[in-house]
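What follows is a set of notes on a single structure, which appears directly below.
The values are calculated or read from the model by the stated rules, or taken from the named source; none is laboratory data. This is a predicted model, so every value here is computed, not measured. Neighbour counts are summed over all protein chains in view; Cβ atoms, including those assigned to glycine, are modelled from backbone coordinates with ideal geometry. When the accessible area is computed, the model is the full protein with side chains, heavy atoms only, and any ligands, DNA or RNA have been set aside. Shrake-Rupley method; radii C 1.70, N 1.55, O 1.52, S 1.80 Å.
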Amino acid sequence: MNAEANASRGEIARVVGLIAALVLALAFYFLLLGRISFALIDSGKPAGVAMGVGVLLLPIIGVWVVAATVRAALAHQHLARRIHEEGLELDTSTLARRPSGRIERAAADELFEQVKQEWEADPDNWRVSYRLARAYDYAGDRTRARETMRRAVALEKLEREQREG
């Protein structure tokens, strides 16, 4: 195994460790909030019960947000792995960059236009939708990048189901 692969695995392990630590910290926080909410509800006073129910909603919403975020991250990682294996990643190595390392706006916009043409030719292909989402991200349009990535995930899932079914 080469040094680059080892470094990549080490970086992945650090990111996974950080995510696990954050999820554990949130779980502790959610349990603490749940405990507080039950104490307020047990007070029997109308204001305490109302506040307890409100506080109880916070960890429920929090668990949903964490689960949805982790599920989306895993789906995006799955697509990224497949795109890498198929050699279809966007090549940004030759694009002009700012001193910070971020791609310059004009170069990102030019890349976006190229990928947009690919997408217009085949909008139901998850690979092209994935590439378009990445191009949106490089161009700084995070909202459209997220929408397009959700579409890519759905299209890839449909392709997998059709292949298996």
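Number of residues in the range 80-103 that are part of a helix (DSSP H, G or I) and either open to solvent by 90 Å² or more (accessible area, probe 1.4 Å) or within 17 Å of Val115 (Cα to Cα) (or both) equals 5. Of everything listed in (1) closer than 23 Å to Gly140 by Cα; (2) open to solvent by less than 90 Å² (accessible area, probe 1.4 Å); (3) small (Gly, Ala, Ser); (4) modelled with pLDDT under 90, the single unmet condition for Ala13 is (1).
Residues in the range 131-148 that are under 11 Å from Lys116 (Cα atoms) and touching a Ser or Thr at 6+ places or on another chain (Cβ under 8 Å): Leu132, Ala133, Tyr136. One residue stands out among those in the range 115-134 that are over 19 Å from Ala80 (Cβ atoms) and touching a residue at least 12 places away in the same chain (Cβ under 8 Å): the one that is least open to solvent (accessible area, probe 1.4 Å), which is Lys116.
Take the conditions (1) in a helix (DSSP H, G or I); (2) at pLDDT below 90; (3) under 24 Å from Arg144 (Cβ atoms); Val66 misses just one of them, which is (3).
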